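Undergrad: First the structure, which I've put down as structure tokens, then a few questions once you've had a look.
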Amino acid sequence: VTLVEAALTDADRYTDETLGRRVTSAVEVRLARRSPCVPFDPFGSTPTAIAQSGSLCLNTDGPGWTDAREDPALAGSVIAHEHYHLLQAELGCLPGPDDHTHAWLVEGAATWVGWQTEVAAGHVAQDQVLATMRDWGGWDEGLPALSDLEEDIGGDAAYALAYRAVDRLVSSAGPRALVTFCESINTGDAWHAAFERAFGTTTDDFYAAFELTRPR
Ligand SMILES: [Zn+2]
């Protein structure tokens, strides 16, 4: 519990200072042991953590959390990742569980904010984060094109690829463009239009430029 509280405090500070936004609504935080976060999920398919508007749940009995507990920066990044999904929900850009839209950007932004929270808190160096993204498989040649991850995304390798994509977006448009994107969606823009408004490039142009940086 202490670890989770500290990680949430880091996450709140990071979004406040870097993105200029923080989660303001009440959030129920649950550490699931005997009852999983998602009831009736088939055993073994339960994610390590899940966040929806107003709730954040960690499967502390799952294999993912067992790994994370031995690595404080990884554990912190998982919690900051979920915390950012809560902010996405508040800002209006978190798709519902059945809405298959801008999936790589939802998860890439959460993964990026999750790790950058840990860098800012001094728990991990930036080059170690990149090494971890490489370990996860973010540079694997077998990964699909980023444009094929709009509807669904899953697995560490795809998340690492999405981290790389968001890192590229943020390095040119700045981290607050992530907030601009969410607010644009919230006012009713389609996501491709919101993307262009926030990041100053069309998705097609971005995909083309990004794929050029990937080994094939
Ligand atoms: Zn996520």
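Undergrad: Have a look at the DSSP beta bridges in the chain and tell me what percent are antiparallel, nearest 5.
TA: For the chain, the DSSP antiparallel bridge percentage is about 45.
Undergrad: Can you list which of the GluC sites (Glu not before Pro) found in the range 130-178 are DSSP loop residues with at most 15 other C-beta atoms within 10 Å? Working shown, then result.
TA: On the way: sites: 141, 150, 151; in loops: 141, 150, 151.
Loop-located and lightly packed - 141, 151.
Undergrad: Separate question: Nothing charged except the Cβ atoms of Lys and Arg (+1) and of Asp and Glu (-1): what's the magnitude of the dipole of the range 1-157 about its Cα centre? Round to the nearest 20 debye. Walk me through the intermediate numbers first.
TA: Numbers: 8 positive and 26 negative charges, 119 e Å.
The calculation lands at about 560 debye.
Undergrad: Hey, for a label at residue 189 modelled as a point 7 Å past Cα toward Cβ, could you say which residues of the range 129-146 have their backbone N under 12 Å away?
TA: Those under the cut-off are none; the list is empty.
Undergrad: May I pose another question? Give me the extension gain from residue 52 to residue 3: residue separation times 0.36 nm, minus the current Cα-Cα distance, reported in nm with one decimal. Please report the intermediate quantities before stating the final value.
TA: Details: separation 49, 0.36 × 49 = 17.64 nm, distance 2.08 nm.
Gain in length upon complete extension: 15.6 nm.
Undergrad: Separate question: Which value results for Rg/Rh of the chain when Rg is the Cα radius of gyration and Rh the Kirkwood radius based on the inverse mean 1/r? Mind dumping the intermediate values first?
TA: Values: Rg = 16.4 Å, Rh = 17.5 Å.
My calculation puts Rg/Rh at 0.94.
Undergrad: Still on this model: Specify the angular offset, from 0 to 90 degrees and rounded to the nearest 10, of the alpha carbon long axis of helix 176-186 from the longest principal axis of the alpha carbons in the chain.
TA: The angle comes out at about 90 degrees.
Undergrad: Work out the charge dipole of the range 9-148 with +1 on the Cβ of Lys and Arg and -1 on the Cβ of Asp and Glu about the Cα centre, then indicate which of 24, 78, 131 is farthest towards its positive end.
TA: Going by the charge dipole, the pick is 24.
Undergrad: To continue, here is another question. Enumerate the amide H contacts of residue 30 below 5 Å, restricted to partners 5 or more residues apart or on another chain; note that Pro and chain-start residues carry no placed amide H.
TA: Amide H to amide H, under 5 Å and 5 or more residues apart or across chains, residue 30 pairs with 56, 57, 58.
Undergrad: Here's another thing I want to ask about it. In whole Hz and in residue order, list the ³J(HN,Hα) couplings for the range 144-151 that follow from phi through the Karplus curve 6.51 cos²θ - 1.76 cosθ + 1.60, θ = phi - 60°; x for Gly and Pro.
TA: In residue order, the calculated couplings are x, 5, 4, 5, 8, 10, 6, 8 Hz.
No lab work stands behind these numbers, since they all come straight from the coordinates. Everything numeric here is computed off the predicted structure, so don't read it as measured data. Please note: Cβ atoms are built from the backbone with ideal geometry, for glycine as well, and neighbour counts cover all protein chains shown.
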